[in-house]
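The values are calculated or read from the model by the stated rules, or taken from the named source; none is laboratory data. Remember, it's a predicted structure, so these values are computed and weren't measured experimentally. Cβ placement follows ideal geometry from the backbone for every residue including glycine, while neighbour counts extend to all protein chains displayed. Only protein heavy atoms, including side chains, enter the accessible area calculation; ligands, DNA and RNA are left aside. Shrake-Rupley method; radii C 1.70, N 1.55, O 1.52, S 1.80 Å.
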Amino acid sequence: MNHHLGTSVPEVVASLDVVTDSSDATDSGHLSKAERKCARIGALLGVLFFLLLATWGQPWHMFDKGPFSSDFYDAQARSMVHGHMDIPADVARVEGVVVDGKVQIYFGVGPALIRAPLTGWTTFFDRRLSILSMSVAAGVLGMATARLLKRARPYVKDAPIGRPGWYGLIAAGSILCTPLLFLASRAMVYHEAIIWGCAAAVAGLDLVLRWWRDPTRRHFVEAVAVATFAISCRTTSGLAPAIAIGLFGLVLASRRQWIKAATVIAGAIFALFGFMAFNWLRFRSLTTPTYSGQVWSLQNQARQEFLNANSGSPLGFQFVPTTFSQYFSPTAIGWQRFFPFVNFGSRATPVGDVVFDGIKPTSSLELGAPVFFVLAIIGSWWTVVRDRTREWSVLAVASIAAFIPTLMFGNIVHRYLVDFVPAVVVLACPAVWVVMRRIQRWNASARNAVLVVTAVVALFGALVQMGFALQTRAFVLRPSESEAQAFVGLQNMIDRQLFGGPPPLVQHVSSDQLPYEGVSDGSLVILDNCAGLYRYNGDSWQVIQRKPGGGRRFIITGTIGEDSKPILQGSGWTVSGRRTSEGVFFVYESTNGRRDESIAVALPEGELTFDAVADQAQISTISLTYKNATVFVENVLGASKAEPSAGWTSASGSAPLCESLLSRLEN
C-alpha cells in the first residue's frame with residue numbers, strides 16, 4: 001500500500017481535464033515495454049559513440065591511466081572511507097585548497113561516492129575509472145531524457161500517441177547532439193563533474209515530477225535523494241531538482257497545506273544540507289571555498305589580478321553581458337580547410353571594462369545543440385502560454401535558475417555549455433509533442449522534408465561537437481606529442497587527398513625563434529630543415545614533431561662514469577652525468593650561474609642511448625629519455641645551439657610528417 005505525501009495533483013494544482021490521454025495520467029508517464037527498449041537502445045548507441053570518441057576509437061584503452069585530475073575522485077573516495085576529507089597534496093597540486101594545513105579539493109563528492117566501493121580501498125584503479133564513470137553518466141542522461149519526454153505528453157493538448165522509436169532518438173540525441181559529446185575530449189575531473197551534474201539534474205527533475213503526479217513517500221524520498229546527489233556533483237546544473245522540490249513546496253504552502261508544504265520544503269533543504277555538510281567538513285564553510293585560498297590563486301599573478309579587480313569573487317553580474325553573448329551567439333564557430341573543417345572561431349571580447357579569469361575558445365548553445373535549441377524556443381512559448389497546470393513550468397524555472405551562476409562566472413569555457421543542457425532538455429520535451437501534433441496534419445512530403453532537415457541539422461551539431469572534441473584532445477587538454485602528431489598527420493593526409501597543393505596555414509621559418517606575428521589559431525611552423533614542427537593554439541606553440549639530428553632532438557649513445565662529464569651542450573650551458581652508488585645524477589649548468597641537479601636514477605652500466613631534446617622554441621626545454629622513461633627534464637632555461645658532447649655519438653633520423661608538409665609547401 002502506498003503512503004501519500006501531499007494531495008493528488010488535481011487537488012493541488014489543476015484538474016487533469018487538460019490531459020488528453022487517461023492512460024498517461026494513471027501511469028505517471030512510465031515508459032511502456034517497447035518504449036523502454038527503444039530508449040535503452042538509443043542511450044546505448046549514444047554511450048558507445050561517446051566511449052569511442054573518448055578513447056579515439058580504441059575502447060580497449062578505456063581503463064588506461066588518465067591525465068592530471070583524473071584521480072581526484074579516487075583520492076577523495078579513499079579519504080572518506082578512511083574517515084577524513086583531505087587528499088594528498090601531490091594529487092591535488094594547483095587545484096588544491098589548503099585549510100588548516102590540509103589539502104582539500106573544491107569538487108563535489110558525488111562521483112567520489114560512486115567510486116568508493118572500488119577506489120576506497122586500493123590505489124589500483126586510480127586514474128582508470130573516469131571514462132567508465134562519464135559513460136555511465138551519459139547513459140543516465142539518455143534514459144532520464146526519454147522518461148521526461150513521456151511525462152511531457154499528457155500536458156500537451158491533443159498530443160499524438162507517439163512511436164517507441166521517438167524515445168530512442170531523444171535518448172541518443174541528448175548525448176550525441178548536445179555539448180555533452182564534447183566532454184569525451186578528455187577524461188578529467190572537470191568534465192566528469194559537469195557530466196554527472198547534468199545527468200543527475202535531468203534524472204532528478206524526472207523523479208520530482210513523478211513524485212508530484214504520484215505523491216507517495218517512496219517517490220518523495222527518491223526525488224530528494226537524487227536531488228542531494230545532483231548538487232553534490234555540481235552546484236550549478238545539479239541545483240535544479242532541489243529548486244523544483246522547493247517550488248512545489250511553495251505551491252503547497254499557497255494552498256495552505258502547511259504540514260505537507262513544510263515536509264516538502266524540508267526535503268529541498270535536506271538536499272542543500274548534504275552539500276553544505278561536506279563543505280563544512282572540508283573548508284569549515286557552508287559554501288565552496290574562495291578562489292583566494294586555492295594553490296593556483298596563490299601562485300598565479302593573473303589570477304590574483306582577476307580577484308583584485310572583482311572584489312575577491314569569481315562571480316558577478318558584471319560578467320553576464322559577455323558570457324550571455326558568447327554562450328548564445330549564433331556565430332560562435334569558425335571554418336578551416338583542415339579536418340574536421342570547424343573550429344571555435346574568435347574568442348569572446350569582454351563587454352565593458354571587465355576583467356575575466358580566462359576566455360577560452362568557446363562555441364554556443366545554438367551551434368552545440370541546434371535541434372534541441374529550436375525545440376527549447378518552442379517549448380518556452382508553450383511553457384509560458386499553454387502549460388495550464390504550471391507543473392512543467394516549475395521544472396523549467398528550476399532548470400533555468402540553476403544555470404544563472406554559470407552566466408555570472410568570470411571564466412568562459414566551452415564545457416560550461418553542458419550546464420545549460422538540463423534546461424534545454426526540459427523545454428524541448430513538450431515541444432516535441434507540439435511539433436509532432438502540428439506536422440501530423442501535413443501531407444507526407446512535408447512531414448518527410450521536416451524530418452530530413454531535422455536529421456541534417458542534428459548531424460551537423462553532432463559533427464561540430466565531435467570536431468571540437470578531437471581538436472581539444474589533440475591540441476589543448478593535456479595533449480601528448482604522439483596524439484598531436486597523429487592528428488596533424490591525419491589532417492595532412494585528408495587535405496592532400498581532397499585538395500592537393502600547398503597545405504593551409506603552414507610556414508617555413510629559418511630561425512631559432514617561433515613567430516608570434518602573422519599567425520592564427522591552428523597555424524603550423526616548420527623550423528629549418530624540419531628541426532621542429534610546431535602548432536599555434538592561440539596562446540602558445542605546441543611541439544608536433546622534432547627531427548633527430550636536426551639540432552633540437554638527438555638520439556645519443558655513450559657511457560656515464562663516476563666522474564662528471566658533459567652529455568649535451570650548447571651556447572653557455574651543459575648537461576652532465578655522473579654515476580654513484582645511489583644511481584646516476586644529471587646536472588644542468590649555465591654560464592649565468594644556474595645549476596639544477598636531478599634525483600638519482602637507476603640506469604644500467606655500459607653504453608646508454610638517450611632520446612635527448614634541447615629546444616629553445618616555445619618554453620625552452622632540455623630533457624633526456626631512456627627507454628620511454630624521462631630521466632631528466634628542465635624548463636625555462638638556455639637551450640640554444642645544442643650538440644652532443646665529446647664521447648657521445650648522435651644518430652640521424654627522419655621526421656616523416658614534417659617532411660611531407662615541407663614537400664607540399666615547396667611544390
Restricted to the range 276-299 and to residues being assigned to a helix (DSSP H, G or I), open to solvent by 90 Å² or more (accessible area, probe 1.4 Å) and free of Cβ contacts under 8 Å to residues at least 40 places away in the same chain, the residue farthest from Ala203 (Cα to Cα) is Leu298
Selection over the range 263-275 where residues are open to solvent by less than 60 Å² (accessible area, probe 1.4 Å) and out of contact with any Gly (no Cβ under 6 Å at 6 or more places or on another chain) yields a count of 6
Scanning for something modelled with pLDDT of 95 or more, closer than 26 Å to Val453 by Cβ, of a type outside the set (A, V, I, L, M) and open to solvent by less than 20 Å² (accessible area, probe 1.4 Å), does the range 351-363 turn up at least one residue?
-> yes
Those residues of the range 612-629 which are within 30 Å of the chain's Cα centre (by Cα) and closer than 15 Å to Tyr588 by Cα amount to Ser620, Thr621
What are the residue pairs meeting all of these: first residue in the range 328-354, first residue on the phi > 0 side of the Ramachandran plot and of a type outside the set (D, E, K, R), second residue in a loop (DSSP other than H, G, I, E, B) and open to solvent by 50 Å² or more (accessible area, probe 1.4 Å), Cβ atoms under 8 Å, and 6 or more apart or on different chains?
-> Gly345/Thr331
Selection from the range 113-167 of residues among the β-branched types (Val, Ile, Thr), assigned to a loop (DSSP other than H, G, I, E, B) and open to solvent by 10 Å² or more (accessible area, probe 1.4 Å) yields Thr122, Thr123, Ile161
If a residue has to be within 21 Å of the chain's Cα centre (by Cα) and surrounded by fewer than 21 Cβ atoms within 10 Å (Cβ to Cβ) to count, how many in the range 33-44 make the cut?
-> 1
Scanning the range 621-667 for residues that are in a loop (DSSP other than H, G, I, E, B) and among the polar types (S, T, N, Q), which turns out least open to solvent (accessible area, probe 1.4 Å)?
-> Ser645
Unique match (being touching a strand residue (DSSP E or B) at 6+ places or on another chain (Cβ under 6 Å) and more than 16 Å from Phe107 (Cα to Cα)) among Gly312, Gly293, Gly345 | Gly345
In this structure, does Ala268 turn out to be within 30 Å of the chain's Cα centre (by Cα), at pLDDT 95 or above and either basic (Lys, Arg) or over 21 Å from Lys150 (Cβ atoms) (or both)?
-> yes
Taking the condition assigned to a helix (DSSP H, G or I), over 18 Å from the mean Cα position of the chain (by Cα) and surrounded by 17 or more Cβ atoms within 10 Å (Cβ to Cβ), does Val371 pass?
-> yes
Filtering the range 45-76 down to residues that are farther than 23 Å from Gly110 by Cα, in a helix (DSSP H, G or I) and over 18 Å from the mean Cα position of the chain (by Cα), which residue is modelled with the highest pLDDT?
-> Leu45
Check Ala617 against each of (1) small (Gly, Ala, Ser); (2) closer than 17 Å to Gly549 by Cα; (3) in a strand (DSSP E or B) and name the one condition it does not meet.
-> (3)
How do the strands (runs of 3 or more DSSP E) wholly within the range 543-583 filter down when requiring 3 or more residues that are open to solvent by 30 Å² or more (accessible area, probe 1.4 Å) and within 15 Å of Tyr626 (Cα to Cα): which remain?
-> 553-558
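The rows are residues; the columns are (1) closer than 30 Å to Ala152 by Cβ; (2) without any contact (Cβ under 8 Å) to a residue 12 or more places away in the chain; (3) in contact with a His (Cβ under 8 Å, 6 or more places away or on another chain).
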position: Ala39; (1), (2), (3): yes, no, no
position: Ala43; (1), (2), (3): yes, no, no
position: Phe50; (1), (2), (3): yes, no, no
position: Trp60; (1), (2), (3): no, yes, no
position: Pro67; (1), (2), (3): no, no, no
position: Gln76; (1), (2), (3): no, no, no
position: Ile87; (1), (2), (3): no, no, no
position: Val94; (1), (2), (3): no, no, no
position: Ile131; (1), (2), (3): no, no, no
Complete set of residues in the range 507-540 that are crowded, with 20+ Cβ neighbours inside 10 Å and assigned to a strand (DSSP E or B) = Leu524, Val525, Ile526, Leu527, Gly532, Leu533, Tyr534, Arg535, Tyr536
Residue count, the range 192-244 (criterion: within 16 Å of the chain's Cα centre (by Cα) and outside any helix (DSSP H, G or I)) | 3
Looking at (1) among the polar types (S, T, N, Q); (2) open to solvent by 30 Å² or more (accessible area, probe 1.4 Å); (3) farther than 28 Å from Ala152 by Cβ; (4) in contact (Cβ under 8 Å) with a residue 12 or more places away in the chain, which is the one condition that is false for Gln257?
-> (3)
How many of the residues in the range 601-619 are buried (at least 16 other Cβ atoms within 10 Å of the Cβ), modelled with pLDDT under 95 and of a type in the set (Gly, Ala, Ser)?
-> 2
